[in-house]
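Chemist: Questions regarding the structure given below will be posed in turn.
The values are calculated or read from the model by the stated rules, or taken from the named source; none is laboratory data. Treat the numbers as computed from the prediction; the structure is a model and nothing was measured. For neighbour counting, all protein chains shown are included, and Cβ atoms are generated from backbone atoms with ideal geometry for every residue, glycine included. Protein only, heavy atoms only, side chains kept; ligands, DNA and RNA dropped before computing areas. Shrake-Rupley method; radii C 1.70, N 1.55, O 1.52, S 1.80 Å.
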Amino acid sequence: MDNITVLITGAGAPGAPSIIQSLRLVKERKIKIVGVDMREDSVGFSMVDRYYVVPSANSDKFIDSIIQICSKEHIDVIIPLVTKELFQFAKCKYKFKKMGISVIVSDELPLNIANNKYLLMEEAKKIGIPTPRFKLVETFESFQKAIFDFGYPKVPVCFKPPVSNGLRGFRVLRRDINRLDILVNQKPTNIITTFEDIAPILKDSQSFPQLLVMEYLPGEEYSVDALADEGKAIVAVPRLREKIKMGISFVGKTVKDEEIIKDSFLLIKGIGLHGNVGFQFKRDINGIPKLLESNPRMQGTMVLCTAAGINMVYLGIKLVLGEKFELPEIRWGVRMIRYWKEVFYDTTGSPFTL
């Protein structure tokens with residue numbers, strides 16, 4: 001089997017090391033890994049074979065810089081790990097294809113749905129997939145009405161911008177909190193607050209941000225790593241998120257939840273997704289798993305799937321290269337605990353590890 005060269009963007013992203021690790025575990029061929037990032041001190045640079053600093057995805061020079069690197073390094077496959085880059089790559093996917101380079105990314109229309117939580121929720125409703133109750137608001141008055149219509153302060157209510165990444169802009173509003181305990185004993189990253197605390201900020205803002213108000217789901221949370229071929233689901237692996245820090249899974253395990261797998265397959269078909277994609281579900285007060293959001297790219301904790309016997313990173317590469325593969329048996333119940341690891345830099349700025 002021919003050796004290949006893979007380019008990974010966002011080499012400094014939290015999930016990049018585990019994506020690189022999954023590629024290093026491939027035995028059937030040699031994979032050269034080229035990493036790029038907008039930061040010179042990207043941690044992933046210590047783990048790849050070659051690395052480059054590139055402009056931000058918002059820059060007009062971003063794609064041109066990627067093309068130059070691809071030509072120089074003879075890249076076969078591009079794996080975008082940064083959400084903001086996805087649309088850039090989707091627009092140029094067929095341009096890269098003419099260069100003999102495959103990009104693991106969906107087309108623009110499916111991306112637009114998957115990356116917008118409001119559009120995603122509307123699509124899920126059409127398909128018949130359970131969602132939390134939700135309302136898109138564009139004024140403070142409609143925001144306030146939705147919050148109280150959803151039961152606040154008797155029950156918690158949450159909100160988030162329809163287009164955002166990680167925990168950016170996400171808050172849970174609940175009155176039954178000990179504000180002194182949060183102030184004195186908890187870290188300032190706490191997402192719980194009250195309507196009374198955030199109301200003055202939103203009410204006095206010059207332009208009200210578009211927000212998605214949602215029913216609060218108190219149950220277990222799951223991520224799903226899935227692989228799709230132009231809207232046809234190939235496999236979906238749910239992961240129970242047992243412990244979450246800063247929006248990232250630190251403890252989790254693979255679980256064979258047929259309902260979540262079925263809903264993931266339906267979403268892939270309904271939206272028309274391609275390549276490696278992810279979903280998040282959370283159980284409501286009655287234990288029903290409801291859709292939270294979609295990540296239309298490789299997810300950082302996909303390495304848990306690798307440990308469970310299915311290297312989703314490599315299968316995504318084989319898919320876009322047009323290579324045949326058989327799905328391995330998945331080891332359900334495999335548990336992961338994540339820990340910190342350091343990267344060091346010498347006086348020249350070159351990264352190294354111990």
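Chemist: Give segment 221-248 a look and list any residue that's modelled with pLDDT of 95 or more and assigned to a loop (DSSP other than H, G, I, E, B), or say none.
Modeler: Result: Glu230, Gly231.
Chemist: From the list Ile78, Ile66, exactly one residue is over 22 Å from Val163 (Cα atoms), touching a residue at least 60 places away in the same chain (Cβ under 8 Å) and surrounded by 22 or more Cβ atoms within 10 Å (Cβ to Cβ). Which is it? Full working, then the answer.
Modeler: On the way: Ile66 fails: touching a residue at least 60 places away in the same chain (Cβ under 8 Å).
On inspection, the qualifying residue turns out to be Ile78.
Chemist: Quick check, is Ile113 open to solvent by 10 Å² or more (accessible area, probe 1.4 Å), touching a residue at least 60 places away in the same chain (Cβ under 8 Å), assigned to a helix (DSSP H, G or I) and closer than 17 Å to Leu291 by Cα?
Modeler: Working: open to solvent by 10 Å² or more (accessible area, probe 1.4 Å): yes; touching a residue at least 60 places away in the same chain (Cβ under 8 Å): yes; assigned to a helix (DSSP H, G or I): yes; closer than 17 Å to Leu291 by Cα: yes.
Considered against the rule, which asks whether it is open to solvent by 10 Å² or more (accessible area, probe 1.4 Å), touching a residue at least 60 places away in the same chain (Cβ under 8 Å), assigned to a helix (DSSP H, G or I) and closer than 17 Å to Leu291 by Cα, Ile113 comes out as yes.
Chemist: Based on what the data block shows, is Gly35 in contact with a strand residue (DSSP E or B) (Cβ under 8 Å, 6 or more places away or on another chain), at positive phi and open to solvent by less than 10 Å² (accessible area, probe 1.4 Å)?
Modeler: Numbers: in contact with a strand residue (DSSP E or B) (Cβ under 8 Å, 6 or more places away or on another chain): yes; at positive phi: no; open to solvent by less than 10 Å² (accessible area, probe 1.4 Å): yes.
Judged against the criteria, Gly35 is not a match.
Chemist: Under 9 Å between Cβ atoms, at least 6 apart or on separate chains: pull out the pairs that start in segment 214-229 with a residue that is over 30 Å from Tyr152 (Cα atoms) and end on any residue that is in a strand (DSSP E or B) and open to solvent by 30 Å² or more (accessible area, probe 1.4 Å).
Modeler: Pairs that qualify, where the first residue is over 30 Å from Tyr152 (Cα atoms) and the partner is in a strand (DSSP E or B) and open to solvent by 30 Å² or more (accessible area, probe 1.4 Å), are Ala226/Ile234; Leu227/Ile234; Ala228/Ile234.
Chemist: Taking segment 43-58 only, how many residues are in contact with a helix residue (DSSP H, G or I) (Cβ under 8 Å, 6 or more places away or on another chain) and assigned to a loop (DSSP other than H, G, I, E, B)?
Modeler: Looking only at that region, the number is 7.
Chemist: Restricting to segment 126-149, name every residue that is over 18 Å from Asp204 (Cα atoms), part of a helix (DSSP H, G or I) and either of a type in the set (A, V, I, L, M) or touching a strand residue (DSSP E or B) at 6+ places or on another chain (Cβ under 9 Å) (or both). So that I can check it myself, show each step before the final result.
Modeler: The first filter runs over segment 126-149 and keeps only residues over 18 Å from Asp204 (Cα atoms), leaving 126-136, 146, 148-149.
Checking the rest, the ones that are also part of a helix (DSSP H, G or I) come to 126-127, 146, 148-149.
Those that are over 18 Å from Asp204 (Cα atoms), part of a helix (DSSP H, G or I) and either of a type in the set (A, V, I, L, M) or touching a strand residue (DSSP E or B) at 6+ places or on another chain (Cβ under 9 Å) (or both): Ile127, Ala146, Phe148, Asp149.
Chemist: Inspect all residues belonging to segment 220-230 and state whether any of them is of a type outside the set (Phe, Trp, Tyr), closer than 17 Å to Ala114 by Cβ and in contact with a Phe, Trp or Tyr (Cβ under 6 Å, 6 or more places away or on another chain). Break it down into steps so the answer makes sense when it comes.
Modeler: Of the residues in segment 220-230, the ones of a type outside the set (Phe, Trp, Tyr) are 220-221, 223-230.
With closer than 17 Å to Ala114 by Cβ added as a condition, the list becomes 223-230.
With the extra rule that they be in contact with a Phe, Trp or Tyr (Cβ under 6 Å, 6 or more places away or on another chain), the set shrinks to 224.
Checked against the condition, which is being of a type outside the set (Phe, Trp, Tyr), closer than 17 Å to Ala114 by Cβ and in contact with a Phe, Trp or Tyr (Cβ under 6 Å, 6 or more places away or on another chain), segment 220-230 yields at least one hit.
For (1) open to solvent by 40 Å² or more (accessible area, probe 1.4 Å); (2) under 23 Å from the mean Cα position of the chain (by Cα), each residue gets a yes or a no:
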| residue | (1), (2) |
| --- | --- |
| Met99 | yes, no |
| Lys117 | no, yes |
| Met121 | no, yes |
| Glu138 | yes, no |
| Gln144 | yes, no |
| Asp149 | yes, no |
| Pro156 | no, no |
| Val163 | yes, yes |
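Chemist: Hey, Val105 hits all of (1) touching a residue at least 12 places away in the same chain (Cβ under 8 Å); (2) not in a loop (DSSP other than H, G, I, E, B) but one; which does it fall short on?
Modeler: Failed condition: (2).
Chemist: Which pairs do you get when a residue that is in a loop (DSSP other than H, G, I, E, B), found in segment 321-332, comes within reach of a residue that is of a type in the set (S, T, N, Q), reach meaning Cβ atoms under 8 angstrom, with the pair 6+ apart or on two chains?
Modeler: As it stands, the answer is Leu321/Ser102; Ile330/Thr254; Arg331/Thr254; Trp332/Thr254, since those pairs meet every condition given.
Matching residues to (1) crowded, with 21+ Cβ neighbours inside 10 Å; (2) in contact (Cβ under 8 Å) with a residue 12 or more places away in the chain; (3) closer than 20 Å to Met312 by Cβ:
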residue: Ile20; (1), (2), (3): yes, yes, yes
residue: Val26; (1), (2), (3): no, yes, yes
residue: Arg29; (1), (2), (3): no, yes, yes
residue: Arg39; (1), (2), (3): no, yes, no
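Results for (1) modelled with pLDDT of 95 or more; (2) closer than 24 Å to Phe159 by Cβ; (3) open to solvent by 10 Å² or more (accessible area, probe 1.4 Å), shown as yes or no for each residue.
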position: Phe250; (1), (2), (3): no, no, yes
position: Asp257; (1), (2), (3): yes, no, yes
position: Ser264; (1), (2), (3): yes, no, no
position: Leu273; (1), (2), (3): yes, no, no
position: Pro289; (1), (2), (3): yes, yes, no
position: Ala307; (1), (2), (3): yes, no, yes
position: Leu315; (1), (2), (3): yes, no, yes
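Chemist: For segment 40-61, which positions are closer than 16 Å to Gly15 by Cβ and under 20 Å from the mean Cα position of the chain (by Cα)? Walk me through how you get there before you give the answer.
Modeler: The first filter runs over segment 40-61 and keeps only residues closer than 16 Å to Gly15 by Cβ, leaving 42-48.
Matches in segment 40-61: Ser42, Val43, Gly44.
Chemist: Mind listing just one residue for me: the one in segment 171-189 that is under 28 Å from Asn295 (Cα atoms) and open to solvent by 40 Å² or more (accessible area, probe 1.4 Å) and, of those, modelled with the lowest pLDDT? Before the answer, list the steps.
Modeler: Filtering segment 171-189 down to residues under 28 Å from Asn295 (Cα atoms) leaves 171-174, 187-189.
Pick out the ones that are also open to solvent by 40 Å² or more (accessible area, probe 1.4 Å) and you get 171, 174, 187-189.
Details: Arg171: 91, Arg174: 89, Lys187: 72, Pro188: 68, Thr189: 65.
If we take residues in segment 171-189 being under 28 Å from Asn295 (Cα atoms) and open to solvent by 40 Å² or more (accessible area, probe 1.4 Å), then Thr189 is modelled with the lowest pLDDT.
Chemist: Taking the conditions exactly as written (under 17 Å from Val334 (Cβ atoms), outside any helix (DSSP H, G or I) and at pLDDT below 95), does Ser207 satisfy them or not?
Modeler: On the way: under 17 Å from Val334 (Cβ atoms): no; outside any helix (DSSP H, G or I): yes; at pLDDT below 95: yes.
No: the conditions fail for Ser207.
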